[in-house]
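Below: the structure, in structure tokens.
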Amino acid sequence: MTYLVKEIFYTLQGEGSHAGRPAVFCRFSRCNLWTGLEKDRHRAICQFCDTDFVGTDGEGGGKFRTPDDLAQAVEKAWPSASREHRFVVCTGGEPLLQLDEEAIDAFHARGFEVAVETNGTRVPPKGIDWLCVSPKIGSELVVTSGDELKLVYPQLGGDPRQFEQLDFRYFRLQPMDNPDVEANTRATVEYCMKNPRWTLSLQTHKYLGIQ
Ligand code: SF4
């Protein structure tokens with residue numbers, strides 16, 4: 001298959017359990033919960049997206065015809081020839097519309113640990129090393145186990161308690177980034193303090209001014 005990728009870049013993971021860890025971000029194009037076009041936002045299932053995942057025209061983006069072509073592009077973004085600590089974060093858009101076992105094998109063959117950030121509406125392929133699920137209220141969650149459940153908070157009609165019985169090691173709550181971000185952050189801090197099952201996830205890359 002041909003993989004459509006918006007961008008591939010080297011940075012620090014900004015949020016969740018791996019915050020601060022150097023990583024290549026591989027941002028796949030397309031999502032099943034929004035077209036990515038502003039004109040469609042009001043009718044999208046997920047309306048608070050803060051990411052441009054349309055097309056293949058970002059830094060390092062493109063159309064990769066084989067799993068190895070994709071893995072090669074990710075390796076090119078890693079800053080050294082050393083295989084130590086290599087880490088790729090497959091994100092989007094919704095990466096599981098495209099990421100398959102062959103691509104994961106190709107990343108592994110080049111020494112990368114493979115993390116995935118998904119909205120949890122698609123069954124993941126085998127071989128993922130770190131699975132982070134960020135459920136979107138109004139969509140059907142089919143992924144009910146993984147490493148980290150990261151809920152953007154607050155979401156209309158959503159209550160964090162509805163996810164607590166799922167099989168995840170970590171439960172993170174992350175303030176929704178919109179014009180109400182300050183109030184959202186206060187509400188998130190308060191919720192975590194009252195419900196210690198949940199821990200705060202901040203989008204530190206936005207504070208740091210990095211990608
Ligand atoms: S599911 Fe994720 S990528 Fe898709 S629209 Fe929502 S926030 Fe954006």
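The values are calculated or read from the model by the stated rules, or taken from the named source; none is laboratory data. Keep in mind it's a predicted model, so treat the numbers as computed, not measured. All Cβ positions, glycine included, derive from the backbone under ideal geometry; neighbour counts span all protein chains shown. Quick note on the areas: whole protein, heavy atoms, side chains included, nothing else; ligands and nucleic acids left out. Shrake-Rupley method; radii C 1.70, N 1.55, O 1.52, S 1.80 Å.
By the scheme Lys and Arg +1, Asp and Glu -1, what is the net charge of all other residues having a beta-carbon under 10 Å from that of residue 125?
-2
If one computes the Cα centroid of the range 103-156 and of the range 66-92, what distance in Å separates the two points?
Between the Cα centres of the range 103-156 and the range 66-92 lies a distance of 18 Å.
Work out, in µm²/s and without decimals, the Stokes-Einstein translational diffusion coefficient of the chain at 20 °C, 1.002 mPa s, Rh from Kirkwood over C-alpha pairs.
Values: Rh = 17.5 Å.
The diffusion coefficient I find is 122 µm²/s.
What dipole magnitude, in Debye to the nearest 20, does the range 164-211 give about its Cα centre under +1 on Lys/Arg Cβ and -1 on Asp/Glu Cβ? It would help to have the intermediate numbers written out before the result.
Working: 6 positive and 6 negative charges, 36 e Å.
The calculation lands at about 180 debye.
In debye to the nearest 20, how big a dipole does the chain give about its Cα centre with +1 on each Lys and Arg Cβ and -1 on each Asp and Glu Cβ?
200 debye
Leaving out ligands and nucleic acids, note down the accessible area per residue over the chain with a 1.4 angstrom probe, in whole Å². Show your work: numbers first, answer last.
Numbers: 10450 Å² over 211 residues.
Using a 1.4 Å probe on heavy atoms only, each residue of the chain averages 50 Å².
Springs between alpha-carbon atoms under 10 Å, Gaussian network over the chain: tell me which of 30, 122, 43 tops the mean-square fluctuations.
Comparing 30, 122, 43 in the GNM, the peak value goes to 43.
Show me the ranking of peptides 146-153, 201-208, 11-18 by mean Cβ neighbours inside 10 Å, starting with the highest.
Going from most to least packed, we get 146-153, 11-18, 201-208.
Accessible area of the range 74-211 with a 1.4 Å probe: how many percent of it is carbon plus sulfur?
51 percent
Setting aside same-chain residues fewer than 8 positions from residue 63, which lysines have a Cα under 18 Å from its Cα?
Candidates past the 8-residue exclusion: 6, 76.
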